[in-house]
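In what follows, a single structure is set out as structure tokens and then discussed.
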Amino acid sequence: MQLTTNFSKEELERSSMAIKYDLDNSIPSHLQGNAYRLAEWLQVLRDRLKQHFGKDVPIVVSSAYRSPALNAKVRGSATSAHIECLAADIKAIGLSVPSLWNFIRENMADVGYDQNIEEHQSWVHIGLSSTRKRRQDLIARREHGETVYRRA
Ligand SMILES: [Zn+2]
């Protein structure tokens, strides 16, 4: 089901880990509103990338919604916004991960977000929240086996 021009419900449910462990990762009906909110946020980002670069810059969602079972499997935080379908791990085709993170920082403040995290130069975690709009811009790195978060 298409939620916005470029984002579908299926795209927010898709997870290689859910497939691997045969877990049902369908977005439950009570989180449908959050799914729309997340898709609309991603659509604004995609539209602004296109406007800025003068061409389509597709966004790849590697993980958005996580059922509680999937979240446990990937050892996600118990309070993760992924469980509420308010977070997405993304990349943009043709753009480095730090550049995407920086673009969000500089161009999405008016739309608002809770967390914009550049994770290990591998993906950007964008977290919305039903209650918070802290607009935290963080960089995550592995140091001595632990993930350390630094403020921009
Ligand atoms: Zn994430």
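None of the figures in this text is laboratory data; all of them are computed from the coordinates on show. None of these values were measured; they are calculated from a predicted model. Heads up, the Cβs are rebuilt from the backbone with ideal geometry, glycines too, and the neighbour counts pull from every protein chain shown.
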What's the local net charge at PRO28, with K and R +1, D and E -1, over the other residues with C-beta under 13 Å away?
-1
For the cross-link pairs LYS20/LYS55; LYS55/LYS91; LYS9/LYS55; LYS9/LYS91; LYS9/LYS73, which exceed 28 Å when the distance is taken from alpha carbon to alpha carbon?
LYS20/LYS55
Amide H contacts under 5 Å for SER63, restricted to residues at least 5 apart in sequence or on another chain and with H modeled in the peptide plane, are ASP89
Sketch the reach of a paramagnetic label on ARG134 as a point 7 Å from Cα along Cα-to-Cβ, and name the residues of region 63-80 whose backbone nitrogen lies under 13 Å away.
79-80
About its Cα centre, what dipole magnitude does region 9-151 give when the only charges are +1 on Lys and Arg Cβ and -1 on Asp and Glu Cβ, stated in debye to the nearest 20?
280 debye
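Report Rg/Rh for the chain, rounded to two decimals, where Rg is the Cα radius of gyration and Rh the Kirkwood radius.
On the way: Rg = 14.8 Å, Rh = 15.7 Å.
Using only Cα positions, Rg/Rh for the chain is 0.94.
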Quick one: which residues, 5+ away or cross-chain, put their amide H under 5 Å from the amide H of SER129? H built at 1.01 Å from N.
ASP114
Based on alpha-carbon centroids, what's the gap between region 15-33 and region 40-71 in Å, whole number please?
18 Å
Show the residues, 5+ positions off or on another chain, whose built amide H is closer than 5 Å to the amide H of GLN136.
GLN115, ASN116
What is the order of PHE103, PHE7, PHE53, fewest Cβ neighbours within 10 Å to most?
PHE53, PHE103, PHE7
Backbone HN-Hα couplings from phi across region 84-97 [Karplus 6.51/-1.76/1.60, Hz, Gly and Pro as x]
8, 6, 10, 9, 9, 9, 9, 9, 10, 5, x, 10, 6, 4
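Given contacts defined as C-alpha pairs under 8 Å and at least six residues apart, what's the relative contact order of the chain, whole-number percent? List each step's numbers first, then the result.
Details: 255 pairs, mean separation 26.5, N = 152.
Reported as a whole number, the value is 17 percent.
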